[in-house]
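Below is one structure; the comments refer to it alone.
Bear in mind these aren't lab numbers, they're just calculated from the coordinates by the rules spelled out. In this text, all values refer to a predicted model and were calculated from it rather than measured experimentally. All Cβ positions, even for glycine, are placed from backbone atoms using ideal geometry, and neighbour counts span all protein chains on display.
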Amino acid sequence: MRVLAVLARYAKPVPTMTLARECDVPKSSMHHLLNSMRASDFVVYYEEERAWGLGIAVFELGSAYLRSEPLQRLGHPLLVGLAKRSGHTAHLAILHGTDALYLDKEIPGDGAPALVTEVGVRLPAHLTAVGQAILSTLPESQVRALYGHGELVSRTGVGATALDTLLTDLGDARDRGFAFEESMTSSGICCVAAPVISHEGFAVASLGVTLAVEHASPAVIKTVAEFVCDAGDRLSGSVGGSSAWLIERASPD
């Protein structure tokens with residue numbers, strides 16, 4: 001656990017010597033421990049950097065915890081408020097591997113467009129604003145480890161199909177403080193989403209508002225983004241985090 005806690009504090013992969021020093025164990029013992037953790041996907045080794053990062057198993061464990069309902073309980077009142085303030089459907093989602101898993105949904109009333117984002121549905125995270133909002137908080141090395149070198153899937157012919165393009169999109173989302181996608185999951189539908197940040201500075205979930213493109217003028221998107229970011233900050237506070245952690249982690253040393 002100490003190794004994972006140290007890795008979580010760093011935005012970049014961490015050398016073995018640094019981990020050994022911060023965990024106060026001999027380098028040889030740390031090397032053996034890291035190899036055991038790598039076998040179970042709790043850590044990943046980056047050959048070019050000769051350093052270690054968090055593995056996919058950590059995110060799977062986080063997802064399992066989040067599916068045990070604390071986020072739904074804390075987030076549902078905010079979803080209700082988001083749907084009411086924006087007049088559009090609001091979602092709560094987490095990252096499950098490379099998919100966005102929808103945990104909760106609030107529809108403001110009649111007239112909302114039909115969506116594929118039902119509770120329990122998984123969609124490719126890179127094609128959803130809720131997924132991009134979470135991915136935008138991860139170090140680039142972690143995103144590369146998640147996606148490998150293959151071509152990214154497309155549903156509608158819109159959106160990134162190459163990892164470098166996705167990384168650029170994630171950087172834009174990080175700079176804005178929210179993610180936006182249009183017609184990547186369903187033609188004629190767009191979504192605005194903001195991350196929910198834990199005390200470690202990574203997103204544990206995201207909140208999003210989905211609406212028809214015909215209603216998505218720049219002024220509407222700006223207003224919806226303000227609502228979503230406010231809700232994301234409030235839920236971040238409820239789970240012990242803050243978007244300020246994300247800003248701090250993204251800042252150069």
For this session: Arrange the following residues from fewest to most other Cβ atoms within 10 Å of their Cβ: 102, 147.
Result: 147, 102
For this session: Would you mind calculating the relative contact order of the chain from Cα pairs under 8 angstrom and at least 6 residues apart, reporting the percent as a whole number?
Result: 16 percent
Exercise. Counting other Cβ atoms within 10 Å of each Cβ, which trypsin sites (Lys or Arg not before Pro) in segment 1-67 have at most 12 and sit in a DSSP loop?
Worked result: 50
Exercise. GNM on the chain, C-alpha springs below 10 Å: top fluctuator among 133, 179, 83?
Worked result: 83
Exercise. Using unit Cβ charges (K, R positive; D, E negative) and no other charged atoms, how large, in debye to the nearest 20, is the dipole of segment 2-54 about its Cα centre?
Worked result: 160 debye
Exercise. Using 7 Å Cα-to-Cβ label points, what is the residue 158/residue 107 separation (nm, one decimal)?
Worked result: 2.2 nm
Seminar exercise, completed: Listed by chain and number, the residues whose amide H is under 5 Å from that of residue 25, excluding neighbours fewer than 5 places away on the same chain and using placed H, are none
For this session: Work out which GluC sites (Glu not before Pro) in the chain are exposed loop sites (DSSP not H, G, I, E or B, at most 10 other Cβ within 10 Å) and give the longest gap free of them.
Result: 152-253
For this session: Classify segment 61-250 as rounded, prolate or oblate, taking a ≥ b ≥ c as the square roots of the eigenvalues of its Cα gyration tensor: rounded when a/c is under 1.5, otherwise prolate if a/b is larger than b/c and oblate if not.
Result: rounded
For this session: Let me know the shape class of segment 1-63, please: from the alpha-carbon gyration tensor, a ≥ b ≥ c as square roots of the eigenvalues, rounded when a/c is under 1.5, otherwise prolate if a/b is greater than b/c, or oblate.
Result: rounded
